[in-house]
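Only one structure is covered here, and it is reproduced in the block below.
The values are calculated or read from the model by the stated rules, or taken from the named source; none is laboratory data. The structure displayed is predicted, hence computed values, not measured ones. Neighbour counts are summed over all protein chains in view; Cβ atoms, including those assigned to glycine, are modelled from backbone coordinates with ideal geometry. The area values use the complete protein model at the heavy-atom level, side chains included, leaving out ligands, DNA and RNA. Shrake-Rupley method; radii C 1.70, N 1.55, O 1.52, S 1.80 Å.
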Amino acid sequence: MWGGRFAEGPSAIMREINASIPFDKALWRQDIAASKAHVAMLGAQGIVTAADAQTITEGLDKVAAEYEAGGVPENWDLEDIHMTTESRLAELIGPVAGRLHTARSRNDQVATDFKLWVREAIDEVDAGLEALQKALVAQAGTHAASIMPGFTHLQTAQPVTLGHHLMAYYEMIARDRSRLADNRERMNRSPLGSAALAGTGFPIDREMTAKALGFDGPTANSLDTVSDRDFALDYLMAASQCSLHLSRLAEEFIIWASQPFGFVRMADSLSTGSSIMPQKKNPDAAELVRGHAGRIAGCLTGLMMTMKGLPLAYSKDMQDDKPPVFEAHGLLALSIAAMTGMVAESDFKTDRMRQAAEMGFATATDLADWLVREGDIPFREAHHITGAAVKLAEARGVALDQLPLADLKEIDSRIDERVFKALSVEASVAARKSHGGTAPDQVRARVADARAALGME
């Protein structure tokens with residue numbers, strides 16, 4: 001490829017460090033599609049003859065069929081997927097293959113291929129996240145009134161419903177899908193035709209190639225285009241945020257499945273055993289999802305450091321843009337699939353959850369709210385009174401609603417027998433009727449909204 005300029009071939013070290021075919025062969029479908037769009041435009045514009053354009057197109061189809069059947073060969077002397085494809089095309093159709101690269105560079109070629117790949121990755125992840133949302137919504141609908149403890153600082157705070165808890169993750173995933181949609185819209189401009197960095201003197205039609213490849217139009221600045229990897233960073237940022245949400249959900253399942261909690265029995269298909277302890281059922285899938293989040297965030301950091309300080313336009317550093325994106329995407333897709341199966345197939349132990357909700361004085365806030373509402377007591381004073389009641393209940397080893405009325409009146413005479421209607425976990429949950437609250441009716445309303453949004457009706 002460099003023969004006209006260089007008297008000697010590359011050293012073994014240069015050959016090895018320069019070759020990207022071991023990883024960028026993953027772009028072969030995108031490379032074939034972009035090349036077919038490019039040569040169709042060259043033919044339409046009269047830059048190459050219609051006969052040559054047809055020959056090249058048919059040759060590209062043959063190369064694609066070979067790749068589909070036997071994979072992409074790795075010849076490091078050809079460096080990358082672009083030269084590998086062009087070389088094989090020349091073997092199949094002869095010198096006319098050399099006309100394919102008219103009015104383009106590997107710089108705009110790789111930017112186009114990579115954008116096409118990331119766009120498909122976004123669509124794949126979005127479909128997976130939709131399936132996860134549907135699993136969350138299905139379980140939330142089933143458990144709209146199943147009571148469990150809500151936590152802050154992993155300490156029992158107030159009773160909530162399992163449906164409300166699961167719908168919190170539905171909202172997180174909705175934001176992840178929104179970020180991916182924004183990324184897709186922002187990136188959907190075609191680099192093809194920017195050439196090496198300055199555009200081309202040939203009368204090309206960039207609108208034609210953009211439309212053929214499903215882009216909204218061509219990019220506006222050739223210098224920016226060939227050096228832009230914002231779309232890859234945007235994807236990794238969205239993937240990292242999504243992986244954090246998946247990690248949080250995985251951690252919930254890890255905790256809930258532990259014997260001290262016993263809130264859930266996870267599916268055997270997503271658990272493992274121990275080589276020495278026969279009683280063990282380990283939540284390994286959830287733990288690996290939690291671990292993958294660190295690797296995905298690491299991919300983001302790696303590409304950010306690669307792009308830091310690069311002058312315009314293209315630099316060879318950017319060859320290292322694809323491995324972190326490929327790795328992160330694979331890990332994210334696997335994590336989404338694992339969590340979808342986990343949510344859908346787990347058996348929630350609602351009796352155990354309700355029992356735990358009755359512990360830890362979870363209805364203390366309800367006592368304070370009752371004092372404010374029924375006794376016209378300022379909240380800070382009600383908070384102090386409730387604290388005294390909790391202290392007494394703790395000393396006696398009973399729940400708040402098991403304290404005798406006489407003892408409660410001794411703490412504050414304004415308390416009367418009506419208070420006990422507010423101190424059960426059912427009453428606590430039912431009282432949270434504000435929009436987005438944990439009251440079963442509110443949870444059912446949010447589930448109905450989600451089902452409609454997901455087309456589950």
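Please list the non-local residues whose amide H lies under 5 Å from the amide H of Val160, H modeled 1.01 Å from N, same-chain partners needing a gap of 5 or more.
Met148, Gly150
Dipole of the chain, Cα-centred, from +1 at each Lys and Arg C-beta and -1 at each Asp and Glu C-beta, to the nearest 20 debye? Walk me through the numbers on the way to the answer.
On the way: 47 positive and 62 negative charges, 95 e Å.
Around 460 debye, computed over the chain.
How big is the stretch 267-325 on each of its three principal axes, counting only the C-alpha atoms and giving the largest first in Å?
Largest to smallest, the principal-axis extents are 60, 20, 14 Å.
Which helices, counted as full DSSP H runs in the chain, have an axial Cα extent of no less than 27 Å and a Kyte-Doolittle average of -1.0 or above?
Flagged H segments are 50-70, 106-142, 162-187, 230-257, 284-307, 322-345.
Top to bottom by accessible area (1.4 Å), largest first, where do Leu244, Leu78 land? Please report the intermediate quantities before stating the final value.
On the way: Leu244 85, Leu78 45 Å².
Highest to lowest solvent-accessible surface, that is Leu244, Leu78.
What do the square roots of 5 times the Cα gyration tensor eigenvalues come to for the stretch 281-421, in whole Å, largest first, as semi-axes of the equivalent ellipsoid?
Working: eigenvalues 628, 98, 26 Å².
Working from the Cα gyration tensor, I get semi-axes of 56, 22, 11 Å.
Rounded to a whole number, what % of the accessible area of the chain do carbon and sulfur atoms account for, probe 1.4 Å?
Values: 11450 of 21510 Å².
About 53 percent, which is the carbon plus sulfur part of the accessible surface.
When ligands, DNA and RNA are left out and all protein chains stay put, how many square angstrom of accessible area per residue does the chain have with a 1.4 Å probe?
On the way: 21510 Å² over 457 residues.
Result: 47 Å² per residue.
Is there a quick way to get the dipole size of the stretch 375-457? I mean about its Cα centre, with the Cβ of Lys and Arg at +1 and of Asp and Glu at -1; what is the value in debye to the nearest 20?
On the way: 12 positive and 13 negative charges, 48 e Å.
Charge dipole, the stretch 375-457, about its Cα centre: 240 debye, nearest 20.
Only bridges with both residues in the chain count here: give the DSSP antiparallel percent, nearest 5. Mind dumping the intermediate values first?
On the way: 9 of 10 bridges.
Within the chain, antiparallel bridges account for around 90 percent of the total.
Just to check I understand the Karplus step: with θ = phi - 60° and J = 6.51 cos²θ - 1.76 cosθ + 1.60, what whole-Hz values come out for the stretch 12-21, glycine and proline as x?
4, 5, 4, 4, 6, 6, 8, 6, 10, 4
Which of Ala452, Ala395, Phe420 sits farthest toward the positive end of the charge dipole of the stretch 355-455, with +1 on the Cβ of Lys and Arg and -1 on the Cβ of Asp and Glu?
Ala452
Roughly how big is the stretch 274-404's charge dipole about its Cα centre, with Cβ charges of +1 (Lys, Arg) and -1 (Asp, Glu), in debye to the nearest 20? Each step should come with its number before you reach the end.
Values: 14 positive and 17 negative charges, 93 e Å.
With only Lys, Arg, Asp and Glu charged at Cβ, the dipole is about 440 debye.
Within the set Lys349/Lys421; Lys36/Lys211; Lys349/Lys433; Lys25/Lys322, which residue pairs have Cα atoms separated by over 18 Å?
Numbers: Lys349/Lys421 26 Å; Lys36/Lys211 13 Å; Lys349/Lys433 25 Å; Lys25/Lys322 11 Å.
Violating the 18 Å limit, Cα to Cα: Lys349/Lys421; Lys349/Lys433.
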